[in-house]
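This report concerns only the one structure given below.
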Amino acid sequence: MAQYVIGDLQGCYDPFRRLLDKISFDPAKDKLWLTGDLVNRGPKSRHTLRFVRSLGSSAITVLGNHDLHLLTLAYDVKFTKVRFDALWKILGREDCDELLDWLRMQPLAHYDKDLNTLMVHAGIPPTWTVKKTLARAAEVEATLRGDHYDTFLDEMYGDNPDLWSDKLKGVKRTRFIINALTRMRMIDADGRIDFTHNGPPNSAGKSLIPWYAAPKARWHGTRIVFGHWSALGLVVNDDIIAVDTGCVWGRQLTAVKLTGKPKVSAVQCKEVSS
């Protein structure tokens, strides 16, 4: 069995299918990891959701910030700070409710013990171990899967708190967990999340570092795979695999084989942001 991770799809369904053909993905025997942001900006978010859902247990996806935006829109939560042009096209379709119910059941983090590999959409705070990352992701997952998820979605947006504390409770606690796992790129020396910089790491200034470069991070020793950061591009080494290569911006969609020696495959994209 081969296992592959593919970066942010953002509704780029046609390149996604071409990439699966290129790696000869067989859902009967292979496993696909997806780093989240299945939807938004690209032209075929609904097709993408339908297809990933049809793969069943052959595909594992974590939730990204754009996936959460879709859930927010769908449940009539008042939020207008993000462009939702492409997301509105998903709503009101014949299978919309089924797709959204499936989406909110997806995890925020996934760990494979045999591969010693953890997948999140964006990042992990340096004070979190792999075990604690999974436990904190599970806190949010339980809320999203529960009866009062709409209230939770209404409260989850905001940049504060930007630093983890074990004393955080309620909305502040879940908001930080979501921001870390689905939005984080750069942090300061204390581990405080910077929400302003989304360019390449070397253009952020000396006071900030990429979250994965934090010294003595407690998740060290486990390989982390993530997307979210198209300006970072492809990074493949023993510690991290960053795999958002900007398909929706007309660059590439990339798959990295996780089993055995990492192997990179990519297809060119022509998608244009909506």
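Within 10 Å of each residue's Cβ, count the other Cβ atoms and sort 156, 119, 1 from fewest upward.
So the ranking, lowest neighbour count to highest, is 1, 156, 119.
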With DSSP loop assignment and no more than 15 other C-beta atoms within 10 Å, the chymotrypsin sites (Phe, Trp or Tyr not before Pro) in region 159-246 are 195
Cα extents of region 113-206 along the principal axes, largest first, in whole Å, come to 44, 36, 24
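Evaluate the relative contact order of the chain (contact order divided by residue number), counting alpha-carbon pairs under 8 angstrom at least 6 apart; express in whole percent.
Worked out over the chain, it gives 24 percent.
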Region 147-264: relative contact order from alpha carbon pairs under 8 Å, six or more residues apart, as a whole percent, is 14
So the pair-distance distribution of the chain, from every Cα-Cα distance in 10 Å bins, comes to percents of 7, 31, 39, 21, 2, 0
Using alpha carbon positions and the Kirkwood radius, the Rg to Rh ratio of region 1-80 is 1.01
The size of the Cβ-based charge dipole (Lys, Arg +1; Asp, Glu -1) of region 3-268 about the Cα centre, to the nearest 20 debye, is 580
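Do any trypsin sites (Lys or Arg not before Pro) in region 4-68 lie in a loop, going by DSSP, with at most 16 other beta-carbon atoms within 10 Å of their beta carbon, and if so which?
Here the sparse-neighbourhood loop sites are 29.
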Between the alpha carbon centres of region 214-269 and region 1-48 the gap in Å comes to 14
Flagged as over-length at 26 Å C-alpha distance, from 44/131; 31/261; 131/167; 132/167, the pairs are 44/131
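FYI, it's all coordinate maths here, none of it is from the lab. Here the structure is a predicted model, which is why all the values come from computation and not from measurement. Note: ideal-geometry Cβ built from the backbone for every residue, glycine included; neighbour counts use all protein chains shown.
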